[in-house]
Structure formats: C-alpha cells, structure tokens
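The values are calculated or read from the model by the stated rules, or taken from the named source; none is laboratory data. It should be emphasised that the depicted structure is a prediction, and the values quoted were computed from it without experimental measurement. Cβ atoms come from the backbone with ideal geometry, glycine included; neighbour counts cover every protein chain shown. What goes into the accessible areas is simple: the full protein's heavy atoms, side chains included, and nothing from ligands, DNA or RNA. Shrake-Rupley method; radii C 1.70, N 1.55, O 1.52, S 1.80 Å.
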Amino acid sequence: MESPLPTRLKNPHILLADDDEFIRRVVRHVLTGLGFEHIREVDSGSGVKEVLGTTPFDILISDVQMPGLNGIELLRQIRCGQTDAPRDLPVIILTSFSNTEVLSASLELDVNGFLVKPMKPATVNAKIIQALGERIPLRDVKAYLSVNTVLNTLNEGKVPDHAGVSISRPPQKHEPHPGRSVEVSINELGPGMVLARDILLTDGTLLLSAKHALGRITINRLQEMREVLKEKTCWVVQPGNG
C-alpha cells in the first residue's frame, strides 16, 4: 500500500515535456479537466533540464522521442543526479506499449508509470496519484549509468537490432524445480519475491532476469504492463530456497 499523499501534492506542480504542440494541448486539457492547476510545458529534454534548475516540480510527464535529449536519457540523468531535480522525482513516460525497447529501459530506470495515447482522464488521474505516492528505493548511480538509452527504435526507418537494453531470447525450456519455485499471477507478486524464471515481453524481449528481487515499484509497473507480457503468471523462488 502506498503512503497517503502530503497535502501539497494534492494539487502538484506538473512539468509536461513533448515536442508536439498538439499533444501538449491534449494532455494539458486532460490535466486541467481533472483539476490540476500548476502545469508547465516544455518542448524538449534540454528544456526540462533548464526548467528543473529554476523551479521545483512534483512530477514530470515526458514523451520519449524528442529532439536532442530523448525522454529515456532524460530519465537516466534524473536518476543519476545529473539534473537539479531530486533523483527520485516521480516520472511518467508517454509511450506506446508496442515499443519494447522503451519499456525495458524505463523499467530499469525505475520509471513511475506509463501513459498510453489516447489517454482516458480516469487513467491519467490514477497514474498521477500512484506515481506521487510511490517511494523509490534508489539504487547506486552505477546501476542507472549502465542502462543503454540510445534506442534503435527511436531512429525512424531503422529496424531494432536489440543491441541496446532489449535482449531477445527464446523462452526457457526447462520445467521449474518442484519444491523450489512456485507459479503466481502478476497480481499476487509481493516485494522481496525473487524471480525463478525470466520475464519476457510478447516479442521475446527480456524484461527481467531470473534471480531479480522484486520491489514495489517494479511490481506496480509489471501490473500496468500485463497486456504486453508473454505470460500472465511468473515463477518465483519459494521462501527458504534462494
């Protein structure tokens, strides 16, 4: 269960980044319709960095494909402390669940949520409230620096070769060891559980490797991404069988 929102976050200061003016107008319309009053718009990743140096924001909603600094590299710089924002600034990415490179990199960078266009107001409101209530257990900067943010699928006309963060491999063939692992639904996952098998996206892209210890942030994202996971259940190590 997430912590109750502090009073000041009931009407948060939102930074919206997208190089498409029409999309910004649409998102702003949704946000203002939900009652959010403090919204600042920028049209580039470098613009986000400039604004973060002058004004404190409670949450960033960012597109991925922007000129210069893409949204995933921007997220990495925030998590690495390379901007004037707190490293744990809540970040929601505007994307399509069809781009598996973006999903994989975002998950590795502890993203706080995804918004898929077109957006339903109720979904937008729920994602913002969830993101503001999450507390990221930040990892060492080296872990974030190792994430590849030069994504092939952001280069129009190029076919992804999976040389970046996305790693495609066939599903594991072996059966789970009786008494050592158990199959659970995505909704039954809990913090501290350790994966006994890889979690793959529908196209075979590796999302999370076996032996990964799950935290609340990652579990929240897996539940959001159910529709693009290869399996709707996963295998976890039973307690006492690490």
- At a Förster radius of 41 Å, what calculated FRET efficiency corresponds to the Cβ-Cβ distance of residue 54 and residue 213, to the nearest 0.05? 0.60
- Note on the structure: Given pairs 10/117; 10/232; 142/211; 10/120 and cut-off 26 Å on Cα-Cα distance, the over-length ones are 10/232
- Query: Taking a probe of 1.4 Å, how large is the accessible area per residue of the range 72-148, in Å²?
  - Reply: 38
- Task: Tell me the label-point distance for the pair residue 11, residue 146, using the 7 Å Cα-to-Cβ offset, in nm and rounded to one decimal.
- Result: 4.5
- In nm, to one decimal, how far is the residue 194 label point from the residue 19 one, both placed 7 Å along Cα→Cβ? 4.4
- Task: Grab the Cα-Cα distance for residue 116 and residue 38, subtract it from 0.36 nm times how many residues apart they are, and report the gain in nm with one decimal.
- Result: 25.9 nm
- Cubic angstrom per residue, convex hull over Cα atoms of the range 1-151: 107
- Task: Pull up the cross-link candidates among the aspartates and glutamates for residue 49, meaning alpha carbon to alpha carbon under 17 Å and not fewer than 8 places away within one chain.
- Result: 18, 19, 41, 58, 63, 73, 84, 88
- Item | Label-to-label distance, nm, for residues given as residue 180 and residue 26 (7 Å Cα→Cβ offset) | 4.9
- Message: Out of the total accessible area of the range 23-83 (probe 1.4 Å, heavy atoms of protein only), what percent is carbon and sulfur?
- Response: 46
